[in-house]
Amino acid sequence: MKSILAILASVTAASACIYGRAEDAGSHAAAWSYDGVNGPLMWHTLDAKNAACADGKHQSPIDIDSATIQHGSEAELLWPSTGSFNLTNNGHTVEAIPGGKYVSRLGGREEFTLRNFHFHASSEHTVDGLVYPLEAHFVHQSDAGNYAVVGVFFEVERRGSPFFRSMDFEQLQEKDDKVEILDLNLEPIIKQVGDVFTYAGSLTTPPCSEGISWFVEKKPLTISAAQYKQIRRAMGYNARFTQGVPGEENLLAMVKRS
């Protein structure tokens, strides 16, 4: 742990599931980014509303310890096999807003409505230290206002999942580029999500609000090398570093105290 804290401390000294929804919660007052002086190590300094980014004890993402993090069949996506979505490059990620209502049953009986999905490269969550090339976050909200996020990993292979077939990331290379998809194939996601890791965490972007229920699918899907190259070029690197064990002291708080 000392070596990790030393690295974080030195970077801090040198620097000295929401994008317009749950994973942003409206905190665009200060321009945050994924590197430099406005990167994840400094988010808590950009706005008083971002205090949880440094002080919260249930921050996301985490390195999922498969031996200790609970997993089971607590995620059921009650979606149609295809759907309409508007994709936008918002400067932080490629985000998809649904054109209809897509309901999921998460954590038991409670139903949540899909608000958006977006991508992170590389993956924000890791599993037993393993990093995936890409992670999608399907951000949901219940009628009671609770947020839940379904995470899905992707590996790069020659032939990608049919989920990406109608996504043309070449048209989303610049901020504010938009694409409408009328027949997005949701079947691969619906069938894949089932055996999920579950834990209580936070948004992975400012203001890092906690109380978010996470459901991270154990088995990855695939994306083709060509499409992965396109989406990486569109987004760049956009992953927050993994946080501490849920319930324990925040890594940045430990650095400050050390």
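The values are calculated or read from the model by the stated rules, or taken from the named source; none is laboratory data. Being a predicted model, the structure only gives us computed values, none of them experimental. Neighbour counts run over all protein chains shown; Cβ positions are idealised from the backbone, glycine included.
In this structure, does ALA239 turn out to be loosely packed, with under 14 Cβ neighbours inside 10 Å and of a type outside the set (Lys, Arg)? The answer is no for ALA239.
Residues of the range 32-48 that are outside any helix (DSSP H, G or I) and within 19 Å of the chain's Cα centre (by Cα): TRP32, SER33, TYR34, ASP35, GLY39.
The number of residues in the range 223-236 being surrounded by 20 or more Cβ atoms within 10 Å (Cβ to Cβ) and either of a type outside the set (Phe, Trp, Tyr) or modelled with pLDDT under 95 (or both) comes to 6. Name the single residue that is surrounded by the fewest Cβ atoms within 10 Å (Cβ to Cβ) among those in the range 49-89 being modelled with pLDDT under 95 and hydrophobic (A, V, I, L, M, F, W, C). My answer is ALA67. Residues in the range 201-234 that are of a type in the set (Gly, Ala, Ser), in a strand (DSSP E or B) and within 14 Å of the chain's Cα centre (by Cα) were compared, and the one that is nearest to ALA148 (Cα to Cα) is SER213.
Taking residues in the range 237-258 that are assigned to a helix (DSSP H, G or I), and partners anywhere that are exposed (fewer than 14 other Cβ atoms within 10 Å of the Cβ) and modelled with pLDDT of 90 or more, not one pair has Cβ atoms closer than 6 Å while being at least 6 places apart or on different chains.
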